[in-house]
Amino acid sequence: MSNTPAHQILHGIGVSAGTASGPAVLIIPAPGVDTSEPPSTDAVADGQRVRDAMKAVGTALLAKAEHAPESTKPILETTAQLATDRGLAKSIDKELKKGTGITKAVHDAVEQYAAMLTQLGGYMAERVTDLYDVRDRTICELRGLPAPGVPDLVTPSILVARDLAPAETATLSKDIVLGIITSEGGPTSHTAILAAQLAIPAVVQTKGADAITVGSVLAIDGGVGEVIISPTTEEVEQLAERSRRRAAALAGSSGEGATRDGHKVKLLANIGTADDARKAAAYDLEGSGLFRTEFLFLERDTAPTLEEQTQTYTEVLEAFGERRVVVRTLDAGADKPLAFADLGEEENPALGRRGLRLSMVREDLLDTQLEALAAAYKATGSKSDLRVMAPMVATLEEAKWFDAKVRPYGLPKVGIMVEIPSAAIMANRLLSLVDFVSIGTNDLSQYTLAADRMQGALAPLLSPWQPALLAMVRSTCDGGRATGKPVGVCGEAGGDPLLALVLVGLGVTSLSMAPSKVGTVRAALRLHDLATCQQMAAFAVDAPTAADAKAAVERLIAPALLDLL
């Protein structure tokens, strides 16, 4: 290149620790829709063409899986399943019947699916990348073009992309790929998981990454999420030294979660499928604090059968053995509609019949789920620390109803989610009835601040550092102390090592998060005693703003924690 890019520091989310420096290689985006294609005049024939193309994509992905490392095979196989999804094919049929051109029909149907997954948030939102990969490969198949992918690399380089599909990431080698930078993606995306497995430093959601040009020299820190364009020699050396210090800080992060003075805190994983359970169980953690069972129900015309659910729940319990598994019963409605449990349109679905409210109308769905959980518990020898909780509980009457539903099935422990301010305020009374509560900080933020989680412009209001949210957590923990019952957190806040200290100081007894975050949170806890965590919590709750709350806590942290943030 004739001009050296200006020195610049970009920030994103570090998802795979380590540092590297080298030239940038850009991933060329997929060609997209054929703008010159005619409208569909034979929806049946075009629908079959799409199915043939999707089948070919699935076959190609499975072929890649056969030659991929054992750790990456399941991810490629999961993506291949998307290519044969009947619901997606039917959605494409609908577009074709409107006369939409064949590649645009694929594009538009996938966009509808992607919008739904994005609304679901969390794990499901991270699957959008996989869905787009299937879309792009299907369109290329229909257009007779080569499948999108990483170009042949001649020299070790750092990949820069909008996002990387799992089929692209799974076949990478750290010998030739020094690092990965994406402008989109998330901490639990397949790109993040695979990069960590391959020990390739990676940063996602990098603001400004789209401006990086081919050949630009980059330095990347996948631990703190920093990218430097045209770094100095000194900066490269500093990143390498920071990586060494981080590795040293994490070296002793194993075993049970506890503060420096031995106060125990259970460190758990959020999961959504049996495959998630098997992967999470391989980590050094204490079980699962949130099993989102709704993934069994979504994108189906009929509810999963008793046998299907029993098999899945059995596989999850088997994966964790005697460790804790907290199961959230069906959390649907609002932004997670079910074709077989449609209660009609609602003017404000987020405040409508969702979560437990749906189960109270469709008791048959909950009864089948509880029967399957009881069968799975029995099939695994009743060895696991199984706990069942209801989502979106607002009143004592609702908690009583759920408790009365669960107890006859012989399931060992019954709990509820605290996602609504009324539940946080009434935690003392609710915990006098049930065995435990788990705080969903994402929804609790939404309802406490009256800010829609899906409105990007409202993101500052949804900061987990908002003192009002922390006051709700404190109220819930006060109820836990008064009744001697455990209080967990299974929202995104639990995986933030700095915020974890505050939550423990407030009285939270377990934290559930993406499995890859457990080591960092465990290390952060072991750097601080409980008294310091309690002081941090007091300062954070009393702070006037979210920024002030975080700043107050940062002034109290052990210097070694800076290498983990």
Residues (in contact with a Leu (Cβ under 7 Å, 6 or more places away or on another chain), within 27 Å of V110 (Cα to Cα) and not in a loop (DSSP other than H, G, I, E, B)) located in region 272-307: T293, E294
Considering every residue within region 126-136, establish whether at least one is assigned to a loop (DSSP other than H, G, I, E, B), out of contact with any Leu (no Cβ under 9 Å at 6 or more places or on another chain) and either buried (at least 24 other Cβ atoms within 10 Å of the Cβ) or touching a residue at least 40 places away in the same chain (Cβ under 8 Å) (or both). no
Within region 34-63, which residues are hydrophobic (A, V, I, L, M, F, W, C), within 21 Å of A80 (Cα to Cα) and touching a residue at least 24 places away in the same chain (Cβ under 8 Å)? V50, A53, M54, A56, V57, A60, L61
Restricting region 338-392 to residues that are more than 17 Å from E308 (Cα to Cα) and of a type in the set (V, I, T), which is farthest from the chain's Cα centre (by Cα)? V361
Test A114 against the stated conditions and say whether it is in contact with a Lys or Arg (Cβ under 8 Å, 6 or more places away or on another chain), outside the structural domain of S157 (by TED's automatic domain parsing), at pLDDT below 85 and surrounded by 14 or more Cβ atoms within 10 Å (Cβ to Cβ). no
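Please verify whether region 544-551 includes one or more residues that are among the β-branched types (V, I, T) and either under 21 Å from A459 (Cα atoms) or without any contact (Cβ under 8 Å) to a residue 12 or more places away in the chain (or both).
Yes, the conditions are met somewhere in region 544-551.
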Please list, ordered by residue number, the strands (runs of 3 or more DSSP E) wholly in region 369-447 having 1 or more residues that are surrounded by fewer than 22 Cβ atoms within 10 Å (Cβ to Cβ), charged (D, E, K, R) and touching a Lys or Arg at 6+ places or on another chain (Cβ under 6 Å). 385-390, 413-418
Residue, surrounded by the fewest Cβ atoms within 10 Å (Cβ to Cβ), within region 150-160, restricted to residues that are in contact (Cβ under 8 Å) with a residue 24 or more places away in the chain and in a loop (DSSP other than H, G, I, E, B): T155
Looking at region 343-368 only, could you name the residues that are at pLDDT below 90, out of contact with any Pro (no Cβ under 7 Å at 6 or more places or on another chain) and in a loop (DSSP other than H, G, I, E, B)? L343, G344, E345, E346, E347, N348, G352, R353, R354
So, of the residues in region 241-260 that are touching a helix residue (DSSP H, G or I) at 6+ places or on another chain (Cβ under 6 Å) and surrounded by fewer than 17 Cβ atoms within 10 Å (Cβ to Cβ), which turns out to be farthest from G289 (Cα to Cα)? R245
Of the conditions (1) touching a residue at least 60 places away in the same chain (Cβ under 8 Å); (2) within 20 Å of D563 (Cα to Cα), the single one that E234 does not satisfy is (1)
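The values are calculated or read from the model by the stated rules, or taken from the named source; none is laboratory data. These figures come from a predicted structure and were not determined experimentally. Note that each Cβ is placed from the backbone with ideal geometry, even for glycine, and that neighbours are counted across all protein chains shown.
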